[in-house]
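The values are calculated or read from the model by the stated rules, or taken from the named source; none is laboratory data. These numbers come from a predicted model, not from an experiment. Cβ placement follows ideal geometry from the backbone for every residue including glycine, while neighbour counts extend to all protein chains displayed. These area figures cover heavy atoms from the full protein model, side chains too; ligands, DNA and RNA do not enter into them. Shrake-Rupley method; radii C 1.70, N 1.55, O 1.52, S 1.80 Å.
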Amino acid sequence: MTVTAYLALASALFVIGAVTVLVRRNSIIVFMGIELMLNAANLAFLAFSRMWGELDGQLAALFVMVVAAAEVVVGLAIIVSLFRTRRTVSVDDENLMRH
Amino acid sequence: MINQTIATPPGAVWLAAETGGTASSAAWGCWLVIALPLVSAALLLLAGRRADKWGHLLGVAAPAVAFCLGVWAFFDLLGRPAAERVQDFELFQWIPGGVFDLGFGLRVDQLSLTFVLLVTFVGTLIHIYSVAYMAHDPARRRFFAYLNLFVAAMLLLVLADSYLVLFVGWEGVGLASYLLIGFWNQRLDYAVAAKKAFVANRVGDFGMLVAMMVMFTQFHSVKFDEVFSFASWASPTTLTVIALALLLAACGKSAQFPLQSWLGDAMAGPTPVSALIHAATMVTAGVYLVVRSGPIFEAAPHARLVVLIVGAITLLYGAIVGCAKDDMKKALAASTMSQIGYMMLAAGLGPVGAVFAIMHLVTHGFFKAGMFLGAGSVMHAMRDQVDMRRFGHLDKFMKITWLTFMMGWLAILGVPPFAGFFSKDKIIEQAFVAPDGQVWQAWVFGSVALLGAGLTAFYMSRLFFMVFHGKARWSDEQHPHESPALMTVPMIVLALGSVFLGLILTLAGFDDFLAGALAEGHHGEPVLNAYLIMGATFALVVAGAWIAWRRFGAASATVPVLPPAVDGLIRAARADLYQDTVNHALLVRPGQALVRGAVRADTGVVDGAVRGLAWLLQSVGAVLARLQNGFVRSYAATMLAGVILLTAIVLAVWI
């Protein structure tokens with residue numbers, strides 16, 4: 001398979017993730033969209049890594065996975081505590097910082 | 001004469017004082033003359049209420065000791081050969097500035113010591129008088145602190161050896177006069193009078209600053225000896241500018257036309273302050289400045305003519321105002337203005353006239369101080385009444401005040417052999433000498449001086465007769481009585497001075513003594529015979545006094561308690577010849593308009609620009625703040641749009 005196919009798949013995943021973030025209100029689903037975008041980026045990294053035959057891209061992908069794991073921990077904790085205090089997980093209701 | 005301009009630490013200077021140099025230890029001690037009243041003033045102000053009990057004693061002691069030191073320095077000076085009598089010495093390095101290296105130095109010579117003795121002697125007497133006069137004032141300690149500050153500043157002014165050191169004393173005198181004129185500043189008009197004096201003096205100080213700046217740019221020095229040595233070859237324009245600027249300064253301090261308006265209002269201060277301002281300190285500073293700067297004025301004949309004109313105008317101005325005033329202190333103030341005008345006139349006549357200017361200054365210091373203290377004594381007896389129309393017949397109740405005042409009155413009239421005769425008549429005679437062959441000047445200024453003598457006789461006699469003679473016009477609540485000894489003794493001493501000082505100074509050869517400190521003078525012959533001038537002066541004086549006696553003193557004379565309606569000239573004189581109206585129209589109102597314009601420009605342009613910018617940023621911010629709508633998804637969309645935009649730009653640039 002050519003690198004184009006991988007990139008097409010990565011782009012498709014990224015767009016799905018981005019649309020998820022933009023249109024869904026449930027924070028957990030939004031979160032999933034973000035994960036999807038991150039993994040789309042990872043896929044692109046790996047594809048290019050293979051294409052050039054170097055490890056830099058895979059290294060970057062590993063970093064992304066570590067950061068994503070940490071982010072999930074913090075993000076889910078925030079969502080849980082938000083749910084506890086405000087009884088909702090809708091991102092549209094989290095608007096305390098509005099002008 | 002030693003001149004230590006090399007940078008030496010203060011300790012080394014003291015060492016030099018003891019071991020070497022030709023300046024005597026007495027001259028070196030002159031810094032103490034300034035330091036004593038200054039330290040006393042600082043102590044009295046810092047000690048606060050704790051010093052209330054003994055503050056006045058310290059206040060009297062400081063100028064008294066300073067006077068003793070002055071006498072010591074004076075006799076030391078007399079013991080020196082005539083050529084070595086001018087002593088300059090540096091106390092410490094003051095402004096080490098490369099090309100402009102100025103030391104804080106004093107000049108002890110005949111002129112400065114004359115002033116030191118006058119200021120400290122008359123000052124001490126006024127201090128003693130104030131002990132009793134201010135006895136019931138809760139702030140007497142503060143009063144003495146200011147008096148000491150006044151004396152210290154004046155002494156620094158006359159002992160300085162450069163214009164900049166003189167300027168320190170000059171400003172100190174201005175400050176002290178402000179504090180003292182406004183001493184009872186709980187009354188608004190008194191506070192305003194103090195401010196008026198201060199502002200008028202500021203105008204004069206501007207002249208002083210200009211003079212020093214011109215000296216600095218042209219001569220790179222403000223020291224007396226260096227400036228005077230430059231004066232012989234500097235361009236006439238430069239010298240005229242310096243001389244006119246110095247004259248402006250002198251006009252401010254000495255209340256000369258056109259800066260005379262503050263003097264009458266300065267009577268707001270307690271009477272001893274008026275005596276101090278008019279006799280020993282403050283108003284004499286301008287005459288001192290002109291006489292001290294003699295070499296500059298000698299080389300600038302145009303400026304000297306202006307000095308003569310200013311002196312002549314002020315002389316008549318003060319005399320005319322003095323004729324119409326009903327307020328005893330204001331009449332005396334107008335008289336001072338007129339007498340200082342005489343001194344200015346004499347100072348403008350060159351070194352020979354300057355000698356008599358200083359001599360008149362000394363004798364005037366005595367008799368005017370005596371009369372002011374007498375006026376204070378009358379006010380003390382009459383419950384602070386100053387309206388002469390409500391006095392009269394006080395000679396029976398206040399014998400000492402009456403007699404001492406009479407001595408001062410005869411002295412200022414110039415009746416021989418009282419003090420004023422020896423100084424004022426000499427000035428009138430000198431005014432008749434044609435300077436540089438200008439005969440018209442001799443006639444103009446001589447006639448003005450002569451006329452002034454007649455007017456002086458009239459208004460001083462009017463004052464004297466209205467206060468002490470005629471019918472009693474005071475109310476039943478007033479019980480005139482003689483003042484305590486603390487007040488009468490200084491008056492008696494000053495009265496003795498008014499009687500004998502002129503004779504003593506003339507017999508002792510004061511003019512030759514003082515001439516050593518001034519430039520070489522040229523004795524000219526008056527255009528009229530000297531005895532004729534003397535006779536004319538005496539005739540005018542007698543005529544003036546006789547008219548005053550007929551109208552205000554004689555048994556047949558009636559002095560209405562309320563000022564009668566009179567013609568235009570007297571009305572104008574009562575209103576100080578409309579000096580305040582003129583000042584208001586020419587200076588105050590345009591000044592206020594200028595300030596208002598500046599305020600408007602400030603709020604409109606300067607503040608407007610700042611406010612406009614702030615408003616612009618605020619409105620932009622308000623528009624942008626709407627983007628903070630609280631919807632996370634819209635933020636995400638913005639971010640995505642941004643990323644897409646950036647990517648598009650990057651791609652567009654690369655491809």
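So how many residues does region B:216-271 have that are among the hydrophobic types (A, V, I, L, M, F, W, C), part of a loop (DSSP other than H, G, I, E, B) and farther than 18 Å from residue B:174 by Cβ?
Number of matching residues: 4.
Mind listing whichever residues of region B:230-266 are touching an Asp or Glu at 6+ places or on another chain (Cβ under 7 Å) and either at positive phi or buried (at least 24 other Cβ atoms within 10 Å of the Cβ) (or both)?
Correct list: B:249, B:252, B:264.
Scan region A:17-38 for residues that are surrounded by fewer than 19 Cβ atoms within 10 Å (Cβ to Cβ) and touching a strand residue (DSSP E or B) at 6+ places or on another chain (Cβ under 8 Å) and jot them down.
Selection gives A:25, A:26.
Just checking: which of the helices (runs of 4 or more DSSP H) contained wholly in region B:341-442 hold 3 or more residues that are closer than 18 Å to residue B:290 by Cβ?
Answer list for region B:341-442: B:351-381, B:419-431.
Are any residues in region B:116-159 within 14 Å of residue B:369 (Cβ to Cβ) and of a type in the set (S, T, N, Q), and if so, which ones?
B:120, B:124, B:130
Filter the helices (runs of 4 or more DSSP H) completely within region B:494-603 down to those with at least 1 residues that are on the phi > 0 side of the Ramachandran plot.
Counting at least 1 such residues, we get no helices (runs of 4 or more DSSP H) at all.
Anything in region B:267-283 that is open to solvent by less than 10 Å² (accessible area, probe 1.4 Å), in contact with a Ser or Thr (Cβ under 7 Å, 6 or more places away or on another chain) and more than 16 Å from residue B:125 (Cβ to Cβ)? List them, or say none.
Across region B:267-283, the qualifying residues are B:282, B:283.
Do we find that residue A:37 is at pLDDT below 95, in a helix (DSSP H, G or I) and in contact with a Phe, Trp or Tyr (Cβ under 6 Å, 6 or more places away or on another chain) in this structure?
Judged against the criteria, residue A:37 is a match.
How many of the residues making up region B:622-655 are part of a helix (DSSP H, G or I) and either surrounded by 11 or more Cβ atoms within 10 Å (Cβ to Cβ) or facing another protein chain (nearest Cβ under 10 Å) (or both)?
14
Can you pull out every residue in region A:39-60 that is touching a residue at least 24 places away in the same chain (Cβ under 8 Å) and either open to solvent by less than 50 Å² (accessible area, probe 1.4 Å) or within 14 Å of another protein chain (Cβ to nearest Cβ) (or both)?
A:40, A:41, A:43, A:44, A:47
Only residues that are in a helix (DSSP H, G or I) and either modelled with pLDDT of 85 or more or touching a Leu at 6+ places or on another chain (Cβ under 6 Å) (or both): list them for region B:468-485, please.
B:468
Please tell me if residue B:111 is under 16 Å from residue B:72 (Cβ atoms) and either free of Cβ contacts under 8 Å to residues at least 24 places away in the same chain or surrounded by 22 or more Cβ atoms within 10 Å (Cβ to Cβ) (or both).
Against the criterion (under 16 Å from residue B:72 (Cβ atoms) and either free of Cβ contacts under 8 Å to residues at least 24 places away in the same chain or surrounded by 22 or more Cβ atoms within 10 Å (Cβ to Cβ) (or both)), residue B:111 does not qualify.
For a quick check of your reading of the model, give me the residue pairs whose first member lies in region A:72-99 and is away from chain B (no Cβ under 13 Å), whose second is surrounded by 10 or more Cβ atoms within 10 Å (Cβ to Cβ), with beta-carbon atoms closer than 7 Å and at least 6 apart or on different chains.
The qualifying pairs are A:83/A:89; A:86/A:93.
Only one residue in A:63, A:14 is within 14 Å of another protein chain (Cβ to nearest Cβ), open to solvent by 40 Å² or more (accessible area, probe 1.4 Å), in a helix (DSSP H, G or I) and of a type outside the set (D, E, K, R), so which one is that?
A:14
Conditions tested, residue by residue: (1) without any contact (Cβ under 8 Å) to a residue 24 or more places away in the chain; (2) among the hydrophobic types (A, V, I, L, M, F, W, C).
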position: B:491; (1), (2): no, yes
position: B:507; (1), (2): yes, yes
position: B:522; (1), (2): no, no
position: B:525; (1), (2): no, no
position: B:539; (1), (2): yes, yes
position: B:556; (1), (2): yes, no
position: B:565; (1), (2): yes, yes
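Would you check which residues across region A:43-99 are among the polar types (S, T, N, Q) and over 29 Å from residue A:26 (Cα atoms) and list them?
Selection gives A:49, A:58.
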